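A.B. asks: Got a structure here, written out as structure tokens. Questions coming.
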Amino acid sequence: MSESDKHKGHKETGAETSAETGVDTDTDGVLAEVGPRLRRIRKERGATLAGLSSATGISVSTLSRLESGLRKPSLELLLPIARAHQVPLDELVGAPQVGDPRIRAAKPIVMHGRTHWPLTRQPGGLQAYKVLEPQRKLEPEPRTHEGYEWLYVLSGRLRLVLGEHDVVLGAGEAAEFDTRVPHWFGSTGEGPVEFLSLFGRQGERMHVRARPKKRGEDD
């Protein structure tokens, strides 16, 4: 068997092992590109391996193995190299650019006469919705289930029945509660109400940051 055949067989075996163990091949590809990128950035700055070794405390042999792909890059190695080159760590690893953070309006969901607009991309975890409750008069039917909910009224008035409490929230008011407590919310019958709802099925609490006080404002 030729050396090239041995090398090919070794690569194929490695690929099979990666598939069997569930290693992300995309991650492998990103890591494989780190070495050439390290060499390019170093040469662009006119630095030698010896000079970079002196600046980072990493041995010349380790730096050489990193650039040739024989040494797997780690945060412990990349951080001092990024500092020496004065570049962001993302530039060394070729991290993808952050995508557009805006949530595009999805097709609304109508349930029990109430319209919901999903505001989160991923299933599971905390879910956010914009909700429109039409004007109607309903008899409260409190229920319970696992989770934690946070409501914020955008416009109109929202009636909330929670345990022994029966309150009305106006625009700009919010409420949060454990959904294991009997609860119901809906129209007061005086007009439609638009509100935001954040819900966590596993009881995750929502943390809302308050506007920081300006200097000179009263405590």
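Values quoted throughout were computed directly from the atomic coordinates according to the rules given, and no laboratory measurement underlies them. Note that the coordinates shown come from a computational prediction; the quantities given were computed from them, not determined experimentally. Every residue, glycine as well, gets a Cβ built from its backbone with ideal geometry; the counts of neighbours run over all protein chains shown.
A.B. asks: Give the distance, in whole Å, between the Cα centre of the range 31-101 and the Cα centre of the range 147-162.
C.D. replies: Centre-to-centre (Cα) distance: 51 Å.
A.B. asks: Of the listed peptides 145-157, 107-119, 70-82, what is their order by residue-averaged count of other C-beta atoms within 10 Å, with the highest listed first? Write down the numbers at each step before the final one.
C.D. replies: Working: 145-157: 16.8, 107-119: 12.4, 70-82: 14.5.
Per-residue Cβ counts within 10 Å, averaged per peptide and sorted highest first, yield 145-157, 70-82, 107-119.
A.B. asks: What distance in nm lies between label points placed 7 Å from Cα along the C-beta direction at S64 and R136?
C.D. replies: Label-label distance for S64 and R136, simple model: 7.6 nm.
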